[in-house]
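Working notes for the structure below.
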Amino acid sequence: MTAVWIIIGLIVLLALVLIGIYNRLVTLKNRTNESWSDIDVQLKRRYDLIPNLVETVKGYAAHERQAFENVTRARAAALSAQGPQAKGEADNVLTGALKSLFAIAEAYPELKANQNFAKLQDELADTENKVQAARRFYNANVRDLNTAIQTFPTNLLARGFGFTSREFFEVGTETEKQPVAVKF
């Protein structure tokens, strides 16, 4: 009779361990999904500011059509990108296009003095900071999820439960890691 209770106890203990592992993985997955959503929200805010910025600059530098088209194309590509790697690459292209737009704005002192432009600039700088914070939060959650999936004994059960590793949201090359200059 004692052997039966020991076996029942071991089965209950194993079930509790499995439930604990599964619940931990679900929590980590949900945190990762939430943090990706935070990045999407901030990137959407950034993408929404860009047309206003382009229109403001256009009013002063209408002959810089190629730069405006580049920003518009890069924004459209960034909006349609899916997943961390594609979003990161599209965001890098958009950042480069924005740098050229700000370089154009440097040549127009009256544009730099425009309050609407200054406000858009401040909002874009604030959004860049929020994107950076959201990126760090997401990458920390991805690290925790990937670590849990890859460590023993969770790794034995994670695949069976359908949990997979996630990609980090990273910036590209060293030149792309430079911040967007938004101060004039």
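The values are calculated or read from the model by the stated rules, or taken from the named source; none is laboratory data. Keep in mind that this is a model prediction, so the values were computed, not measured. Every residue, glycine among them, receives a Cβ derived from its backbone with ideal geometry; neighbour counts consider all protein chains shown.
Can you pull out every residue in the range 97-153 that is in contact with an Asp or Glu (Cβ under 7 Å, 6 or more places away or on another chain) and either among the acidic types (Asp, Glu) or under 30 Å from His63 (Cα atoms) (or both)?
Once the filter is applied, which keeps residues that are in contact with an Asp or Glu (Cβ under 7 Å, 6 or more places away or on another chain) and either among the acidic types (Asp, Glu) or under 30 Å from His63 (Cα atoms) (or both), the range 97-153 yields only Ile104.
Can you tell me which residue is nearest to the chain's Cα centre (by Cα) among those in the range 50-69 that are buried (at least 18 other Cβ atoms within 10 Å of the Cβ) and part of a helix (DSSP H, G or I)? If you could, list the steps in order and put the result at the bottom.
Kept after step one, since they are buried (at least 18 other Cβ atoms within 10 Å of the Cβ), are these residues of the range 50-69: 50, 53-54, 56-57, 64, 67-68.
Among the residues that remain, those that are also part of a helix (DSSP H, G or I) are: 50, 53-54, 56-57, 67-68.
On the way: Ile50: 17, Leu53: 22, Val54: 23, Thr56: 27, Val57: 27, Ala67: 25, Phe68: 24 Å.
Result: Ile50.
Which of the residues that make up the range 87-116 are hydrophobic (A, V, I, L, M, F, W, C) and over 16 Å from Glu64 (Cα atoms)? Before you say what the answer is, go through the steps one by one.
Filtering the range 87-116 down to residues hydrophobic (A, V, I, L, M, F, W, C) leaves 90, 93-94, 97-98, 101-105, 107, 111, 113.
Listed by number, the residues that qualify are Ala90, Val93, Leu94, Ala113.
Please state which one of Ala113, Ala61, Ala103, Ala77 is free of Cβ contacts under 8 Å to residues at least 24 places away in the same chain and in contact with a Leu (Cβ under 9 Å, 6 or more places away or on another chain). Spell out how you get there, then give the answer.
Values: Ala113 fails: in contact with a Leu (Cβ under 9 Å, 6 or more places away or on another chain); Ala61 fails: free of Cβ contacts under 8 Å to residues at least 24 places away in the same chain; Ala103 fails: in contact with a Leu (Cβ under 9 Å, 6 or more places away or on another chain).
Just one listed residue meets the conditions, Ala77.
What about Ala74, is it crowded, with 20+ Cβ neighbours inside 10 Å and closer than 29 Å to Glu167 by Cα? Lay out the reasoning, then the answer.
Details: crowded, with 20+ Cβ neighbours inside 10 Å: yes; closer than 29 Å to Glu167 by Cα: yes.
In short, yes.
How many residues, within the range 114-172, are in a loop (DSSP other than H, G, I, E, B), in contact with a helix residue (DSSP H, G or I) (Cβ under 6 Å, 6 or more places away or on another chain) and closer than 28 Å to Pro51 by Cα?
Just the residues of the range 114-172 that are in a loop (DSSP other than H, G, I, E, B), to begin with: 114, 151-153, 162-172.
If we keep only those that are in contact with a helix residue (DSSP H, G or I) (Cβ under 6 Å, 6 or more places away or on another chain) as well, we get 163, 165-172.
Next cut, closer than 28 Å to Pro51 by Cα only: 169-172.
Total satisfying the criteria: 4.
Does the range 41-53 contain at least one residue that is in contact with a Phe, Trp or Tyr (Cβ under 9 Å, 6 or more places away or on another chain), more than 18 Å from Arg135 (Cβ to Cβ) and modelled with pLDDT under 90?
Step one: of the range 41-53, the residues in contact with a Phe, Trp or Tyr (Cβ under 9 Å, 6 or more places away or on another chain) are 53.
In the following step, the residues that additionally are more than 18 Å from Arg135 (Cβ to Cβ) were identified as 53.
Subset that is modelled with pLDDT under 90: 53.
So far as the range 41-53 goes, yes, one or more of its residues are in contact with a Phe, Trp or Tyr (Cβ under 9 Å, 6 or more places away or on another chain), more than 18 Å from Arg135 (Cβ to Cβ) and modelled with pLDDT under 90.
Could you please let me know if Glu34 is loosely packed, with under 13 Cβ neighbours inside 10 Å, at negative phi and at pLDDT below 90? It would help to see each step written out before you state the result.
Details: loosely packed, with under 13 Cβ neighbours inside 10 Å: yes; at negative phi: yes; at pLDDT below 90: no.
For Glu34, the condition - loosely packed, with under 13 Cβ neighbours inside 10 Å, at negative phi and at pLDDT below 90 - is not met.
Being among the charged types (D, E, K, R), in contact (Cβ under 8 Å) with a residue 24 or more places away in the chain and closer than 20 Å to Phe168 by Cβ is the filter here, so list the residues in the range 119-142 that pass it.
Glu128, Lys130, Arg135
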